[in-house]
Amino acid sequence: MPDQIKVLLVEHEEQDIVLLEQMLKDGYIVSSLDDSSNIIKRAATIHPDIAIINPTMHGLPTKILCSKLKSQQPPCYVLFLSSDNTAQSCTRAYTDGADDHILKPFNPVEVHEKIQVSIQKIAVQKQLIKASDTARIAIENSFELGTIITFMEAIGACEDFDELSMAFFTAMEDLGANLSLQIRYNDSALNFRCANDSLEAVILGEFRDNAKFIEHANKIIIHHDKISLLLKDLPPYNSMKYGRLKDHINIMVNSAGARIVSLGLQMELAERKDQDIRQALQKAGKIKTLFKTTLAEHQKTTSTRIAELEQQMESILISLSLDYQQEELLLKSMHSLLSKFSDSTALQTMMNNNLDELLTDMNQLQED
């Protein structure tokens, strides 16, 4: 016979109570209630597997009592014990919530047989509940694992801390928890869904060197080198879901911590890249300005020297006693030659174009 089967006797006739207690004392835990005062609360405290109830007891709220016993998990199996064997009495018994009926004076063999039937049905109910719980847990676990996988994919694709925090909030909403979050990078702390001067922000920041897990009521504080979480609205502390959720979030926090380090390195590299490009742009701009200034000075100097040379050549030509046509032809040829030397327009255009193209490419690189 199964152990720890609890039987509740609700009966006002002392002789029947004594007889039933003697019959059931071996192998059962028997509790007896012989009056109807506060019986609902007392019966709920006992939490019986089987109840044998006399529905004719004065003041007994039979229907309410049966409903309360049936709401247990697994439901209590209810037997009515009465001397009334009329069809109307039997119908009322089942209407009130009884599973079976025993007629007084009762036969001990019949009582034992009906209790055995009750035990078998209780065992089936427990198996069904266990199977249902197993299926429910499997479904919940599958959903939670799916949430974690989605979270991992999201933080792998995120490009900044705002996107990482949103991945956390989405996952926590799917898992049915409320979240406040702090991300630490270099010497700064970024708080999400809590004000910087709030108590939550202080807890997340000031106590991060304490225990990794701080549990209180339906709240958990989880600390990591780079991230701290305050979780609220969690399942009951002693539930399986709480334990699973705690394990899942621990995995998520460790993964997020690694991603924060990675994002930090990416941000540092991007900042260095921007700084190097800015410096290169400034240097290129200075080179272009210097080139223009130098070229302008060169053109000015060249023009002055060519003018001086032309004057000297005119003086020399006069001393050579050339006729007018010879002198004009020679001066024209010399002027054309010197003009070619002094003409730096092509060089200037080429250098300007090359510098402008370089600056454009560097600006585009900075935008990318």
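Since every read-out is calculated from the coordinates, none of them should be taken as a lab result. Since the structure is predicted, the reported quantities are computational estimates derived from the model, not experimental observations. Positions of Cβ are backbone-derived with ideal geometry, glycine not excepted, and every protein chain shown enters the neighbour counts.
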Compactness of the range 94-244, expressed as Rg and Dmax over alpha-carbon positions, Å
25.3, 85
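Fully extended, how many nm does the chain gain between residue 159 and residue 279 (0.36 nm per residue separation, minus their Cα-Cα distance)?
On the way: separation 120, 0.36 × 120 = 43.20 nm, distance 2.51 nm.
Answer, rounded to one decimal: 40.7 nm.
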Give me, ordered by chain and number, the residues 5 or more places off residue 185 or on other chains with an amide H under 5 Å from its own placed amide H.
190
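Output the relative contact order of the range 5-133, whole-number percent, from Cα pairs under 8 angstrom with separation of 6+ residues.
Working: 176 pairs, mean separation 28.1, N = 129.
Dividing the mean separation by the residue count of the range 5-133 yields 22 percent.
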Would you work out which of 82, 119, 59 lies farthest towards the positive end of the dipole of the range 59-199, given +1 charges on the beta-carbon of Lys and Arg and -1 on that of Asp and Glu, about the Cα centre?
82
Once R0 is set to 45 Å, what does the formula 1/(1 + (r/R0)^6) return for the Cβ-Cβ distance between residue 150 and residue 286, expressed as a FRET efficiency to the nearest 0.05?
0.30
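Taking 0.36 nm per residue of separation and subtracting the Cα-Cα distance, what length does fully extending residue 123 through residue 213 add?
Values: separation 90, 0.36 × 90 = 32.40 nm, distance 3.99 nm.
Roughly 28.4 nm would be gained on extension.
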Dipole in debye (nearest 20) - the range 5-133, about Cα centre, beta carbon charges: Lys, Arg +1; Asp, Glu -1
580 debye
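So which of 25/114; 219/246; 70/126; 300/332; 121/241; 41/70 end up more than 19 Å apart, counting from Cα to Cα? Show your work: numbers first, answer last.
Values: 25/114 16 Å; 219/246 11 Å; 70/126 14 Å; 300/332 22 Å; 121/241 29 Å; 41/70 14 Å.
Pairs exceeding 19 Å: 300/332; 121/241.
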HN-Hα couplings for the range 132-148 via Karplus (6.51, -1.76, 1.60; θ = phi - 60°), in whole Hz with x for Gly/Pro, come out as 5, 5, 4, 5, 4, 5, 4, 5, 4, 5, 4, 5, 5, 5, x, 4, 5
